[in-house]
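Sharing a structure, written as structure tokens. Questions coming.
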């Protein structure tokens, strides 16, 4: 077994030759692409192909005394996958997928995207708890918790992480599972990539069911009545129902309110719920049909555009009070950019039946997740302040109604008050695990507040 810490910088760089991309090269430019535009400029990107590459890169960053970040899907609004002045461990080549259709789990590389695992599992009539966007990396989504399209029925993505292989700060490779390093398995189920580089994951799969899904688009001026009706409907929502409500730009440049439901089960039982959502207002357009998870992800793809500036904040909300609904409706009608979004997801079902102490994720009661994200093209940076102010105003308006903490994956590094509460009663144990496996804080994925 190689002791990477005994290697010199020259030896480590030699081990990684032809895999390190430096600024100014074509390889660097092609690898330096994520979802959100960022001004971060890594000193080098290591295009890892093997676990040994990852081990060497982890040690190299420390010997060079530069920051380290890990890029899986790169779907982070702050660009944290690309450490400014640091070394990026690029896992996009870790794209292997092996499906065990009998035991219903997948073993995947740390760079696999949601659409890739969805496609592979679908060949066996199986599904995983996927993000709404197929371009999101399975690893980052899972480690951060993962509110998925079928989470009401199957739990969060983190609840379906069975085991993993992790490269630690000293370059060693360990397995985490219910039988080995159980404390670290617990921590990465919601605690993010803050303990090591997760190179391989074992993901639980579920039997595919019929999926009745799509989009119902309403005029944004009807947001208040639609949000009120949605709130009442979701109070008694069964596990089969998932609904995302999002104020967003339409292809013609106008702003609309999109209600995106999916019913994971018998379509005849789900149709009344779809009808109830349709009757919340007068639809401008509607596209609801029986689909596969793969085709649903593909239908969302045009709405996910890379290369824009993004400024985002998030809240956890317990209930949507009438005055809160009115405030949100008013704010989304005053969006300063047609590209900006305000999304609301109600969380119920299997996600809420997991005990808080069972994983690192900090909130398990029924709640709403509010995401407020200003988006604009980099050429409009001169007016970025007004877009950020729109986010900040809606964020402050919701403060009196908010639960402590927030979805850590979306929290900005400067949201100190929310960060310290994001993990709730799990924070002391997270600190212990962090001090045990990464005492020098080499790994800084999503905010931990420790």
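Against the conditions (1) modelled with pLDDT of 95 or more; (2) in contact with a strand residue (DSSP E or B) (Cβ under 7 Å, 6 or more places away or on another chain); (3) crowded, with 23+ Cβ neighbours inside 10 Å, where does residue 56 fall short? Just the number, please.
Condition (2) is where residue 56 drops out.
On to the next question. Please go through (1) under 19 Å from residue 343 (Cα atoms); (2) outside any strand (DSSP E or B) for residue 252 and return the number of the only condition it doesn't satisfy.
(1)
Those residues that are part of a loop (DSSP other than H, G, I, E, B), touching a residue at least 40 places away in the same chain (Cβ under 8 Å) and within 19 Å of the chain's Cα centre (by Cα), I need them from the stretch 93-110; list them, please.
Within the stretch 93-110, 94, 110 qualify.
What strands (runs of 3 or more DSSP E) completely inside the stretch 171-245 contain at least 2 residues that are more than 24 Å from the chain's Cα centre (by Cα) and closer than 23 Å to residue 94 by Cα?
Those strands (runs of 3 or more DSSP E) span 173-176.
I would also like to ask the following. Take the residues in the stretch 14-35 that are modelled with pLDDT under 90 and either outside the structural domain of residue 83 (by TED's automatic domain parsing) or buried (at least 17 other Cβ atoms within 10 Å of the Cβ) (or both), then tell me which one is nearest to the chain's Cα centre (by Cα).
Only one residue fits best here, namely 35.
Name the residue, out of 85, 73, that is crowded, with 20+ Cβ neighbours inside 10 Å and in contact (Cβ under 8 Å) with a residue 40 or more places away in the chain.
From the options 85, 73, the qualifying one is 73.
On the basis of being within 14 Å of the chain's Cα centre (by Cα), surrounded by 24 or more Cβ atoms within 10 Å (Cβ to Cβ) and either at pLDDT 95 or above or not in a strand (DSSP E or B) (or both), does residue 118 make the cut?
So residue 118 fails the test.
Among the candidates 393, 389, single out the residue that is surrounded by fewer than 16 Cβ atoms within 10 Å (Cβ to Cβ), part of a helix (DSSP H, G or I) and touching a helix residue (DSSP H, G or I) at 6+ places or on another chain (Cβ under 8 Å).
Going through 393, 389 in turn, just one is surrounded by fewer than 16 Cβ atoms within 10 Å (Cβ to Cβ), part of a helix (DSSP H, G or I) and touching a helix residue (DSSP H, G or I) at 6+ places or on another chain (Cβ under 8 Å): 393.
Could you please find all residues in the stretch 303-328 being assigned to a helix (DSSP H, G or I), touching a residue at least 24 places away in the same chain (Cβ under 8 Å) and loosely packed, with under 13 Cβ neighbours inside 10 Å?
Result: 322, single match.
Residues that are within 23 Å of the chain's Cα centre (by Cα), assigned by TED's automatic domain parsing to the domain that holds residue 336, in contact (Cβ under 8 Å) with a residue 12 or more places away in the chain and outside any loop (DSSP other than H, G, I, E, B): does the stretch 431-441 have at least one?
no
Against the conditions (1) assigned by TED's automatic domain parsing to the domain that holds residue 166; (2) in a strand (DSSP E or B), where does residue 46 fall short? Just the number, please.
Only one criterion in (1) assigned by TED's automatic domain parsing to the domain that holds residue 166; (2) in a strand (DSSP E or B) is unmet by residue 46, namely (1).
The values are calculated or read from the model by the stated rules, or taken from the named source; none is laboratory data. The structure presented is a predicted model; accordingly, all values stated were derived computationally and were not measured. So basically every Cβ, Gly included, is an ideal-geometry build from the backbone, and we count neighbours across all protein chains shown.
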